[in-house]
1. Within the set K15/K172; K51/K203; K173/K195; K165/K194, which residue pairs have Cα atoms separated by over 23 Å?
2. Dipole of the chain, Cα-centred, from +1 at each Lys and Arg C-beta and -1 at each Asp and Glu C-beta, to the nearest 20 debye?
3. Points 7 angstrom from Cα along the Cβ direction at D210 and R8: gap in nanometres?
4. Please state the Cα pair-distance histogram of region 30-132 with 5 angstrom bins from zero: what percent is in each bin?
5. Assuming 0.36 nm per residue, please report the length gained on full extension of the stretch E160 to A47 beyond their Cα-Cα distance.
6. Run the numbers on the chain and let me know its relative contact order in percent, using alpha-carbon pairs under 8 Å that are six or more apart.
7. In whole Å, what is the distance between the alpha-carbon centres of region 13-70 and region 148-184?
8. What 222 nm value per residue comes from the helices of the chain, counting each DSSP H run with n ≥ 4 as -39,500 (n - 2.57) and dividing by all residues, nearest 500 deg cm²/dmol?
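Every read-out reported here was derived from the displayed coordinates using simple, explicitly stated rules and does not represent laboratory data. Everything numeric in this text was worked out from a predicted model, so none of it was measured. Neighbour counts are summed over all protein chains in view; Cβ atoms, including those assigned to glycine, are modelled from backbone coordinates with ideal geometry.
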Amino acid sequence: MEEKLFIRNVLALLKRRYRGGMRTSLRHRGAWQMLVATILSAQSQDAQVNKVTPSLFRRYGSVGDYASLEPEELYAYIKSIGLYKSKARSIVGAARGIREHFGSRVPRTIKELVSLPGVGRKTANVVLSDAFGINEGIAIDTHCITVSGRLGIARTRNPEAIERKLMSITKKKEWGNISHLFIALGRDTCRAHKKRCRSCILKNICPSSDI
Ligand code: SF4
């Protein structure tokens, strides 16, 4: 099947499975909270992040609040999250960068976002898509890598190469949704260590299906 048609069918089936699309499960209000939650979620579960952010966001609100802190002052709020010390440094560093270079407003381009400490391309894509509704790229995480590989979309585990490939065969308006749909499938069905092809909505078109 031609690639663009194949991915169109994949997305149509996934939207049927996940009722039209997915949104981030990270609780947030506004772009700054989305950036903080996304930094905290690296190699951690969203549910775990959602347990710590309510008290953190109650205590510290604005970019300026965080920019004025020392990273150690965040430890008590986020210590149940893996890598919390380096994440605290990233959050405070990002706040200081936003205050200094972007007038305390979260920037709206990948180039500007990745200039901040602790912000990589995946985090930038997540923030742009989920906080601003801007599709400049596609956030690729480990689930997206697994699902893309099994679907035969990309024969690489390089996130940027997978992102470029997906961008070349899909419509821009779909980019934010692709990431959420692939993550959802990777979490509940196409797991890295145990795929569940029998119950997968893609089983009849997936080249890696066991069925
Ligand atoms: S059919 Fe199997 S390998 Fe293919 S996407 Fe579904 S779970 Fe993954």
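1. K51/K203; K173/K195; K165/K194
2. Result for the chain is approximately 760 debye, rounded to the nearest 20.
3. 3.2 nm
4. Final binned percentages: 2, 14, 27, 29, 19, 8, 1.
5. 38.0 nm
6. Value for the chain: 20 percent.
7. Using only Cα atoms to place each centre, the spacing works out to 22 Å.
8. -16000 deg cm²/dmol
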